[in-house]
Amino acid sequence: MSTADVEQTITRVHHEEWARVVAALTRRFGDLDIAEEAAAEAFATAVARWPDDGVPPNPGAWLTTTANRKAIDRIRRESKRDDKHREAQMLSDDPPEPLGVIDDERLRLIFTCCHPALAMEARVALTLRMIGGLTVAEIARAFLVQENTVGQRITRAKAKIKAARIPYRVPAAEDLPGRVSGVLAVLFLVFNEGYLASGPDTDPVRHELTAEAIRLTRLIRALMPDDGEVAGLLALMLLTEARRTARVSATGELVSLDQQDRGAWDTAMVAEGHQLVRERLAAGEAPGRYQILAAINAVHTDARDVRDTDWSQIVALYDQLVRVDPSPIVAMNRAIAVAELDGPEVALAAVERLDGKLAGYHAYQATRAELLRRLGRSRQAREAYDQAIALAGNTAETAYLTRRRDQLG
């Protein structure tokens, strides 16, 4: 195996095994700092040794074993320094512990990272770091904040978990309803980072993140089968992920929904997503945000050709969503649908009313550019494309926007 092949393998294994290693260490040592540091050291050791020694038959087991040794070494050093004696405890077998509702270490870890004692921005940052394996820089780009701010959030969150003795477990069944909404919000943000990665130096679509978000959402769905928003989020993820292979061209450029090869969509995922949406409709309960977003995606994926899209139904669903989530981004997306019914001029007027709130958001400038383009206002469209390109971090999106701008002449 060449050095390049080993490097690619290490990258893949990091994507696949990071959360497992961190969760296993957290379960054993009860300390997120130790878990994160030891996991990072284990991967650094792999980078140094695997090119010469070869990739082990079971990379995940090798990394977990190596990380455990690193953690024990750290604890021994701290024990000597602080005159503590924890080595024997750490070297012994793990004590038995009652299992949570679902026996999954990564699920335990995400409920810990999403504990309501933490601020929402801390939950998101901690989960993206500890579960998703994103770097501090990637998280900072995703949320338009400084790297040191993200680092401080993660450090403070871990310190609070330790000081407050927040338990590493899945909550008991009676506590789940109050805890699950925060977990869903974090999972959706993790999924979005994989769906359209924010960093310029990462793959534009990070399947390992979307797959992990879907896997964990499936586990929560099994845990709470009657929760409409859990079902809605799973449906939304499936209907979005179904289009993944059609979303980026062979040259690495984002492919817009209207230009995608619908024959390349994952029909099994589409069918499962549609079934979940139908089940929620049959329940007769008032839908929440995720259920409405899933229904919008169901309408899009139900059309065999973009010309068959039922835009009136999509606008009606956005009208429902605005009442549940009156955010400027929802208003912008509703305007995009309105453009297909009432024309780009009406849509542009609605979009530009959001300028004070979304001017620094790349999707807002990209939306303006497309509407201005349709109205034949090329100079203004070019300026909007320039702003969108400057704000976008995703390489596939930048390539798409650049080509659209350059076509203006």
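The values are calculated or read from the model by the stated rules, or taken from the named source; none is laboratory data. Computed from a prediction, not measured in an experiment: that's the story for all the values here. Because the Cβ atoms are built from the backbone with ideal geometry, glycine has one as well, and the counts that use them run over all protein chains shown. SASA here: full protein model, heavy atoms, side chains in, ligands and nucleic acids out. Shrake-Rupley method; radii C 1.70, N 1.55, O 1.52, S 1.80 Å.
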Out of 396, 392, 359, I need the residue that is over 22 Å from residue 340 (Cβ atoms), touching a strand residue (DSSP E or B) at 6+ places or on another chain (Cβ under 6 Å) and open to solvent by less than 60 Å² (accessible area, probe 1.4 Å). Which one? 396
Being of a type outside the set (Gly, Ala, Ser) and open to solvent by less than 20 Å² (accessible area, probe 1.4 Å) is the filter here; which residues of the range 340-353 pass it? 348, 351
When residues of the range 201-232 are limited to those that are part of a loop (DSSP other than H, G, I, E, B) and hydrophobic (A, V, I, L, M, F, W, C), the one nearest to residue 177 (Cα to Cα): 224
Might you check whether a residue that is at positive phi and touching a helix residue (DSSP H, G or I) at 6+ places or on another chain (Cβ under 8 Å) occurs anywhere in the range 272-294? no
Inside the range 308-398, counting only helices (runs of 4 or more DSSP H) that do not spill past its ends, which hold 3 or more residues that are out of contact with any Pro (no Cβ under 9 Å at 6 or more places or on another chain) and either modelled with pLDDT of 95 or more or polar (S, T, N, Q) (or both)? 311-324, 328-342, 344-352, 362-374, 378-391
For the subset of the range 14-64 comprising residues that are more than 25 Å from the chain's Cα centre (by Cα), touching a residue at least 12 places away in the same chain (Cβ under 8 Å) and in a helix (DSSP H, G or I), which member is surrounded by the fewest Cβ atoms within 10 Å (Cβ to Cβ)? 47
Does the range 50-62 include one or more residues that are modelled with pLDDT of 90 or more and under 17 Å from residue 135 (Cβ atoms)? no
So how many residues does the range 318-333 have that are open to solvent by less than 20 Å² (accessible area, probe 1.4 Å) and farther than 19 Å from residue 370 by Cα? 1
Every pair of residues 6+ apart whose Cβ atoms lie under 8 Å, when the first sits in the range 343-360 and is free of Cβ contacts under 8 Å to residues at least 12 places away in the same chain while the second is surrounded by 13 or more Cβ atoms within 10 Å (Cβ to Cβ): 346/338; 346/339; 355/364; 359/365
Selection within the range 180-206 - open to solvent by 40 Å² or more (accessible area, probe 1.4 Å) and either closer than 13 Å to residue 131 by Cα or modelled with pLDDT of 80 or more (or both): 181, 189, 192, 195
In the range 294-338, which residues are of a type outside the set (Val, Ile, Thr), farther than 22 Å from residue 356 by Cβ and within 22 Å of the chain's Cα centre (by Cα)? 294, 295, 297, 298, 300
